[in-house]
Amino acid sequence: MTVTDNMATSDASIAAGNGVLGQRMLRKEDPALLTGEAIFTNDMKVPGALHLAVLRSPHAHARIASVDVSGALAIDGVHSAYSGADLADAWAGPMPCAWPVTDDMKNPTHFPLAVGKAAYVGDGVACVLATSDAIAHDALEAIDVEYEPLPAVIDLEAALSDDVIIHDDLGTNVSYTWPLLIEENEGDCQKAIDESAFVVTERYIQQRLIPMAMEPRAVVAMPQPFGGDMTLYSATQVPHILKVMTALTLGIPEHQMRVVCPAVGGGFGSKLNVYAEELLCVHLARTLGTPVRWNEDRSENAQATIHGRGQIQDIELAADENGKITGLRVRLIGDMGAYLQLVTPGVPLLGAFLYGGVYEIPKAFDFSCTSVFTTMTPTDAYRGAGRPEATYAIEHAMDALARKMDIDPLELRRRNFIPKDAFPYEAFTGLVYDSGDHDNAATVAEGLLDYGAMRARQAEQNVEGSTKRLGIGVSTYFEMCGLAPSRVLASLNYSAGGWESATVRVLPTSKIQVVTGTAPHGQGHETAWSMIAADKFGVDPADVDVLHSDTAIAPLGLDTYGSRSLPVGGVAIGMACDKVLDKARKIAAHQMEANEEDLGFAGGMFSVSGSPDKEMPLAAIAFEAFTAHNLPDGLEPNLEAQVTYDPPNFSWPFGTHMCAVEVDTETGQVDVLQYVAVDDCGNKVNPLIVDGQVHGGVIQGLAQALYEEARFDDDGNLLSSSLAEYLVPAASDVPPITLGESVTPSPTNALGVKGVGEAGTIGAAPCVMNAVVDALAGLGVPDVQMPASPLNVWNAIQQANKETSQ
């Protein structure tokens, strides 16, 4: 794996500070993780805890005629056992969905244990509490459940027909239809398509993916002996949201709920949720007055933790004789699974605004998404959440258009790029893209791949009779991340805000404490946040302590997802540091008998302009603020500031990815020979962390393109419930990745930063799939369905051969 990184560009683009930002600092978090010192939820020692195990439905769709737990209760070590009906009155409300995307959205009642009907394989129907995990799981086999199986619904178009209704009370499998600009633009869109010189009509399938975080989920609920307080330890991305939703669902006063996430081993969106097991543990612990814990094994994780993606995409893309896009129509069918989890219905809509990609799209655009219930595991946010799906559709369609026009796909893109001087650019959707330089990103990627030479090599290699065909893939993208401002989220019916909170304090001994509402689970926040504070205060990052992921320590926050942490949470930290410095400046001016405007600050030292002998270090000011012996009148003691920041706009990272693949036409095997990623995330706090995020993202996007698929049989059984059947790329499957540099600072925040956690995933899948189809287009293969496994590729080649021979 190779990395190209132009540090001079990165350093120069960072706002003036004390030289910390832009450095490739090793992560502060890693020693604890590498030595085993880090404590994950399932590592916690909890004397006297009862272990929860959940009995899950073996049927995708079945009525529950009866549940008899008496057999489990007869086993030594079993404390108690419950059916869904036994706990039906325990809940103050059903499990939460925070995104009712339309006023008439259908949302089936969903409790932690099913009552009356199971709606997917893995739906919990009963549970056991025992003195050990092994006893609890063994006792599940003694529970007798009588099921009345019903037909499964796993095909999205079949779900639309309502031939088999999953939720009887809804009377339909359709959850909602959400249009964007159809009423305003449908006539213009159809006219543009009818009058265009070139039109491609494509259907793409976004297969279901299983997030497969390294750490499966785990929960410990610990009631306090007196007073009713409850502490919930959970492997979650969203401690603050989980606290609020748990309090609401269980009827617990919020001030009595505390949520802590210890070390968390990845999430990718799968831990951005409120799960049944968390609610069960809290309720049972509160009722019984004893700790309750639960942990998930890998197969259970595949069934009971959300899946990602799951869409049918129909897209019509029209262009004039010069290749300028003239119209775009998108129709989606979204797979919600059996129930709506926390943000399930909103995921397809997060991409709705990005189907135009990085291109100048006219007003002739319309979009509609109809989402349906199926008898499969619920879907929800998975790395990128709607944005990868949208990028895949427009970028794959752009390649199809280039083939139809017989022009180079990179040239077609260049003809349609939003020009650099057009930013800030109001898109056809009404959103404003704050910045961009797409031609530069493409030019950097083009040079790193040696695109012209690679095309020449392709022409020499892809001759008649060749069994190793070369393909070149290109993808470009815009990402809408940060999930803010709050008023825009309100217009989309999202239940929460988009702000983030930070508190910064300089302790009396001059060490810095940063309290953040973000909840890292692999992103390196402790390192990056300490760098922001260190740069502001002129101290060593080692002198900055970052506190997070505990709602008692950091009571305000909206957590980590959607590439929001740096452009919202990190900016809030920078603003809080500025407020602390403003207060420190007042104290320094008072004690040095100088005007505030005459003070400069650098390297941790305030000095008086024109009087080099008059200076005062921040350390001394911190102690003076603590003793409060000599402060300006009316100024409160201590150096501390809190900021809640609600951004004025989304964050808009962008980039270009290119790759070269070789396809063996006899076996269908795809080998990625070279991969280039140029991701512009604005200013970089720590380029080493950025590189790691991009590497991981690229690999997950490549995994969707070539390996991963959650497969179900016709009865709704998950066929890929372990890592023996669900193919996750190993290190040996990762191609050489070359990272290029493009830095376009965001003009909407003081740090000039954008998100980067999902960027690699967004660009990678269409890049690889475009390369695969590019390799096979000369054989008459119009498309290959993801994943481009050897079987799928070989079948596509055979189908093309069959059609050619007819």
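The values are calculated or read from the model by the stated rules, or taken from the named source; none is laboratory data. Since the model is a prediction, treat every value here as computed from it, not as a measurement. Methodologically, a virtual Cβ is constructed for each residue, glycine included, from the backbone with ideal geometry; neighbour enumeration extends over all protein chains shown. These area figures cover heavy atoms from the full protein model, side chains too; ligands, DNA and RNA do not enter into them. Shrake-Rupley method; radii C 1.70, N 1.55, O 1.52, S 1.80 Å.
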Protection proxy ranking, peptides 471-482, 165-176, average beta carbon neighbours within 10 Å, highest first: 471-482, 165-176
Per residue convex hull volume, Cα atoms of the stretch 499-645, in Å³: 108
Can you work out the Karplus-derived ³J(HN,Hα) for every residue in the stretch 347-353? Use 6.51 cos²θ - 1.76 cosθ + 1.60 with θ = phi - 60°, whole Hz, and x for glycine or proline. 4, x, 7, 4, x, 4, 7
Between Thr201 and Phe423, what length in nm is gained on full extension when 0.36 nm per residue of separation is reduced by their alpha carbon distance? 76.9 nm
When only Cα pairs under 8 Å and 6 or more residues apart are kept, what is the percent relative contact order across the chain? 17
Karplus-derived 3J(HN,Hα) from phi for the stretch 356-367 (6.51 cos²θ - 1.76 cosθ + 1.60, θ = phi - 60°), whole Hz, x at Gly and Pro, runs x, x, 9, 10, 6, 9, x, 5, 7, 9, 8, 9
Over the stretch 656-765, what is the relative contact order in percent, taking alpha-carbon pairs closer than 8 angstrom and at least six residues apart? 41
For the stretch 499-645: relative contact order, % (alpha-carbon pairs under 8 angstrom, 6 or more apart): 33
Taking alpha-carbon centroids only, the stretch 129-172 lies from the stretch 555-619 a number of Å equal to 57
Using only the Cα atoms of the stretch 117-242, what semi-axes does the equivalent ellipsoid have when each is the square root of 5 times a gyration tensor eigenvalue? Give whole Å, largest first. 45, 24, 16
Distance from the stretch 646-676 to the stretch 376-421 (C-alpha centre basis), Å: 11
Sequence ranges 90-103, 388-401, ranked by mean other-Cβ count within 10 angstrom, highest first: 388-401, 90-103
Per the helix-only model, the chain has a calculated mean residue ellipticity at 222 nm (DSSP H runs of ≥4, -39500 (n - 2.57) each, divided over all residues, rounded to the nearest 500) of -9000 deg cm²/dmol
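Take every DSSP beta bridge with both residues inside the stretch 659-806 and express the antiparallel ones as a percent of the total, to the nearest 5.
Details: 7 of 11 bridges.
Of all bridge pairs located within the stretch 659-806, approximately 65 percent are antiparallel.
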Only one of the values [x] 36.8; [y] 41.6; [z] 45.3 was calculated from this structure for mean projected area of the Cα convex hull in nm²; name its label. [x]
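In whole percent, and with a 1.4 Å probe on the protein chains, what portion of the accessible area of the stretch 599-743 is carbon and sulfur? Intermediate values should be presented prior to the final figure.
Values: 2690 of 5520 Å².
Of the solvent-accessible surface of the stretch 599-743, carbon and sulfur hold 49 percent.
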Return the FRET efficiency for the residue pair Glu464, Ser805: r is the Cβ-Cβ distance, R0 is 22 Å, and the value is rounded to the nearest 0.05. 0.90
State in Å² the accessible area per residue of the stretch 206-310; use a 1.4 Å probe, count heavy atoms of protein chains only, and round to the nearest integer. 27
Highest first, please rank the peptides 245-255, 109-119, 277-287 by the mean number of other Cβ atoms sitting within 10 Å of their residues. 277-287, 109-119, 245-255
